[in-house]
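Take a look at the structure below.
The values are calculated or read from the model by the stated rules, or taken from the named source; none is laboratory data. Since this is a predicted model, take the numbers as computed values, not measurements. Cβ sites come from the backbone with ideal geometry, for glycine too, and all protein chains shown count toward neighbours. Remember, those area values only see protein heavy atoms, side chains included, never the ligands or the DNA or RNA. Shrake-Rupley method; radii C 1.70, N 1.55, O 1.52, S 1.80 Å.
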Amino acid sequence: SFQLAEYRYPLEPKNVMATWGTAFQEMLQDENFGLPISGNNGWLGEYVNPVIDGATGQLEKARKIYYHLASTFTCTNHNGVYLRRPLKTIAKEKNGTVAELNLLLTAMLRYAGLHADPVLLSTRSNGFVYPYYPLVDKFNYVICHTHIDNVSYFLDGSWPLLGFGKLLPDCYNGHARLVTPAAEPLNFDPDKNMERSISSIRIVLDSAGNMEGVMSEILGAYESYTTRKNWKEKGKDAYVQTIKKVYGDDGDVSDIQLDSLEHKEENLVLNYKFKMKGNGEDIIYLSPMFGEAWKDNPFKATQRLYPVEMPYTIHETFAASIFLPDNYVVEELPKQVVVRFQDAADGLFEYMIMHSGGVISLRTKIQINRAVFSPEEYDFLREFFSYVIKKQAEQIVLKKKS
């Protein structure tokens, strides 16, 4: 696409393209963007004062205002950068577009005495914004920035289950801009957005091959968000069934606990117990990762012509301790491996397993430290995940003593 920059001789010379600063000066004076949030807005006291009553400090005020708006207002459209209605109407009707809600959030924070400014960005589904040309119409999303105690927080009040200072992966799409006279550039780099999860399992086998175990898992930030969303939309029973499905008809899952469900800034912690019946067979084939293994390769195509753009980097750790009965011995154990990317700093896969004193200890780690890969790197990325899936599917073979 092209943008007219200037007229030259033989036409009358004239510079057409503005700078980011001049473009945002116009936005700040626009009655559908900057003007409504820059005024006194004394009417906001009706909405803000009861919310921040009793709050001590700016951060607590900001949290109270953010969670009030996110939990009581409904977003009608997650696309757009301008107001369609007056802020007072949006506050009264408790709904609006993403731009309307986050501009209202900015105005409410300012009314409470906090520093707050809108931010323009382009979501991943909308495409990249070229940072050097001030093409405002390429943006499609507005969030709010506040600066408290030398810490920057980026807020999106359009998602009711999103924690304070959190953004969804769709917002991590590179170049963005603070809508201020200085038009400071921002970079929402997916390489700096890590999805980290830690799982551990403890299993005890008895002489008949029955298993009892305890699973503990700290979910990643975005898995925590989607779990909260599914829990709210589908209910607890549906979530419990997804866990029970892992262990099949012969398994029994109990004491399921999901901690921090209401604390949206925290990662969820899942704990439960399980039992699986054995048949007293002479040979037991045991998949030590249970439901935590990768099963599907996200890169199925044999050829790729465009870059791979993941929404975040990955850091997964899984650990298992399997206690064996005296009447079983280890017949076969998967081999230990470490697979690194072509550049070791970009990522690795570790599969470390050993048997000692009647206990099998497993630790496996997947670490992807980049979110963007070139088409030339695609084959290695695809083969990497194919190897991970194959390795994590390997079984431990136990044999009953004769």
Looking at residue 207, is it assigned to a strand (DSSP E or B), closer than 30 Å to residue 358 by Cβ and polar (S, T, N, Q)? no
For the stretch 310-376, which fully contained strands (runs of 3 or more DSSP E) count at least 2 residues that are free of Cβ contacts under 8 Å to residues at least 24 places away in the same chain and open to solvent by 20 Å² or more (accessible area, probe 1.4 Å)? 337-340, 347-356
Could you please find all residues in the stretch 48-85 being over 26 Å from residue 171 (Cβ atoms), surrounded by 13 or more Cβ atoms within 10 Å (Cβ to Cβ) and not β-branched (Val, Ile, Thr)? 55
Hey, residue 233 closer than 27 Å to residue 367 by Cα and of a type in the set (D, E, K, R) or not: no
Do the conditions hold for residue 82, that is, is it hydroxyl-bearing (Ser, Thr, Tyr) and more than 24 Å from residue 125 (Cα to Cα)? no
When restricted to 96, 163, the only residue more than 20 Å from residue 180 (Cβ to Cβ), part of a strand (DSSP E or B) and open to solvent by less than 10 Å² (accessible area, probe 1.4 Å) is 96
Tell me which residues, restricted to the stretch 367-398, are of a type in the set (Asp, Glu) and under 30 Å from residue 173 (Cβ atoms). 376, 377, 379, 383
Select from the stretch 267-291 the residues that are in a loop (DSSP other than H, G, I, E, B), at pLDDT below 95 and open to solvent by 30 Å² or more (accessible area, probe 1.4 Å) and write down the one among them that is nearest to residue 64 (Cα to Cα). 287
Conditions (1) under 25 Å from residue 130 (Cβ atoms); (2) in contact (Cβ under 8 Å) with a residue 24 or more places away in the chain; number of the one not met by residue 45: (1)
Restricting the search to the stretch 207-236, which residues are at pLDDT 90 or above and of a type in the set (D, E, K, R)? 212, 217, 223, 228, 229, 232, 233, 234
